[in-house]
């Protein structure tokens, strides 16, 4: 049941900000540099109004603001607060003569009035901005603009460091506090110890911040050339032993840069850059580049190595690509037959917003169908392995807003919790134990954030009971075992629908609209279902009105 939102006090955001910086200062003061320590100390000395205004503006997406447009009822005097921030160096008055960014802060009517150009009112916003830009470029700004106070807030970079140390990333922000404060999200309770903190030195912090900066810069490049790629490659941070998060971020950069080299057809250099990481799909891309270069033996060697890997995605690629290389080398071809799942052609009128919902409506004539995608078995995984996921393991949890441990996708997730994993697997041997455990977790943890659980589906009337009643425990066990083996890759690719026919039993249904085809991860799941007698099919839809 969705909780009723709670009311927040007017300065809730200041409490949340203080909670974040207090946590970081308490746990990381010994490795912070002078800039970060001074940030914390000086913030405490700001007046209440200045603190509130700073945090309010820090939470916004921009860094410059028209002062008379700021309206916050809980701040007694916004102008005095702004002046205090400027005096103490936490903000400055924006220099409109050097920058044109302020134009976007003013409405069309305000710009027309400022420049006293009534004819501009007939221009589009883009045309108006161009006119203002031309005036700014020529230094022809109206005197009236001097009366428009524009505030630029400082220290976003310092707060980014605090956010990184608190959340372990730059994707989360104070919004997480708000969602918890109003009761829309609850997080599991787990101990936070100094030993679990992920950052041990300021150098480590710098390398993570560098990764985020590089990723942002990569996304802003409009046209790639090889020289630009090389600039980024030279900036790659070195690996730090034991820091798996840094490796993952570094890998993302490497894969992005190597892919651009491929697009530039610089295949030899692409192979070299892909060789800097073992993260999928680096091996596959190396093989494809080597094949384009005519280096068939090197490509074949990598494929043969991949066949021994535990990663099913890489094994599937090697099985697919190996015969092509063997043929080019004049070797005997060893081709593995691909599994082709059962398909049913369904002609339907196009009525709903998605083809999946059209099939749900058609199946509901013969039972109950739900559009679930990956939620069913990932949710059951969360229930069965809840104590494993949220076990008190050093390094797993380092802030109160985690929906999964830091090592969830790493091999050591299992090895460091082997006893708990074994106990969870034993639950899957007895229907009575399994159902009792799942119902207990469902009752006591309902609504608590977990990366594997989509609560709204399980909260639908009768769905959870129908699931336990209709799906054999043996099927649940073998599916959860596959997810456990590779929690990152195998949590996706499952069929779109689960169908409970009136006649009994259940079926997993993948829906494909006109022109769609099975993705590789979907093929792997279908083949696994076939090997273990899990009922499944593909419904291929054609529109009846066509």
**Item:** Global geometry of the range 153-219, whether rounded, prolate or oblate, following the gyration tensor of its Cα atoms and the 1.5 cut on a/c
**Value:** oblate
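Rounded to the nearest 500, what is the chain's calculated 222 nm mean residue ellipticity when only DSSP H runs of at least 4 contribute -39500 (n - 2.57) each, over all residues? Present the calculation step by step, with values, prior to reporting the outcome.
Working: 25 runs with 277 residues, N = 546.
Rounded to the nearest 500, it is -15500 deg cm²/dmol.
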**Request:** Would you please give the FRET efficiency between residue 531 and residue 62, computed as 1/(1 + (r/R0)^6) with r the Cβ-Cβ distance and R0 = 60 Å, to the nearest 0.05?
**Result:** 0.65
**Message:** Using alpha carbons only, how many angstrom separate the centre of the range 422-440 from the centre of the range 36-80?
**Reply:** 52
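Looking only at the range 343-543, where both bridge partners belong to it, what percent of the DSSP beta bridges are antiparallel (to the nearest 5)? All intermediate terms of the calculation are to be shown ahead of the outcome.
Details: 8 of 19 bridges.
The antiparallel fraction comes to roughly 40 percent.
If R0 is 25 Å, what FRET efficiency do you get for residue 331 and residue 272 from their C-beta distance, rounded to 0.05?
Numbers: r = 27 Å, r/R0 = 1.07.
That pair, residue 331 with residue 272, gives E of 0.40.
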**Cα gyration tensor category, rounded, prolate or oblate, for the range 200-328 with a/c compared to 1.5** = oblate
**Prompt:** Along the Cα-to-Cβ line of residue 202, 7 Å from the Cα, sits a label point; which residues in the range 38-75 have backbone N less than 19 Å from it?
**Reply:** 38-43
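Work out how much length residue 125 to residue 365 would gain on full extension: take 0.36 nm times their residue separation and subtract the Cα-Cα distance, in nm to one decimal. Intermediate values should be presented prior to the final figure.
Values: separation 240, 0.36 × 240 = 86.40 nm, distance 5.29 nm.
Extra length available between residue 125 and residue 365 comes to 81.1 nm.
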**Prompt:** How far is helix 226-235 tilted off the main Cα axis of the chain, in degrees rounded to 10, range 0 to 90?
**Reply:** 80
**Gain upon complete extension [residue 224, residue 279; 0.36 nm per residue less C-alpha separation]** = 17.5 nm
**Complete:** Plugging the Cβ-Cβ distance of residue 469 and residue 516 into 1/(1 + (r/R0)^6) at R0 = 30 Å yields, to the nearest 0.05, a FRET efficiency of 0.40
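Quick check on the range 343-543: take the gyration tensor over C-alpha atoms, sort the square-rooted eigenvalues as a ≥ b ≥ c, and tell me if it's rounded (a/c under 1.5), prolate or oblate. Write out the running numbers ahead of the final one.
Numbers: a/c = 1.92, a/b = 1.72, b/c = 1.12.
Here the range 343-543 falls in the prolate category.
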**Fill in**
In whole angstrom, the spacing between the Cα centers of the range 444-472 and the range 343-386 equals 15
**Request:** Treating the angle as unsigned and between 0 and 90°, give the value, to the nearest 10°, between the Cα long axis of helix 473-485 and the longest Cα principal axis of the chain.
**Result:** 50
**Request:** Tell me which label goes with the value of Cα extents along the principal axes in Å computed from the coordinates here: [x] 88, 63, 39; [y] 110, 58, 54; [z] 78, 60, 59.
**Result:** [z]
**Prompt:** How far, in degrees from 0 to 90, does helix 202-220 lean away from the longest principal axis of the Cα atoms of the chain, to the nearest 10?
**Reply:** 90
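The numbers here are math on the coordinates, done by the rules we state, and not lab data. Here the structure is a predicted model, which is why all the values come from computation and not from measurement. When we count neighbours, we look across all protein chains shown, and the Cβ atoms used for this are built from the backbone with ideal geometry, even at glycine.
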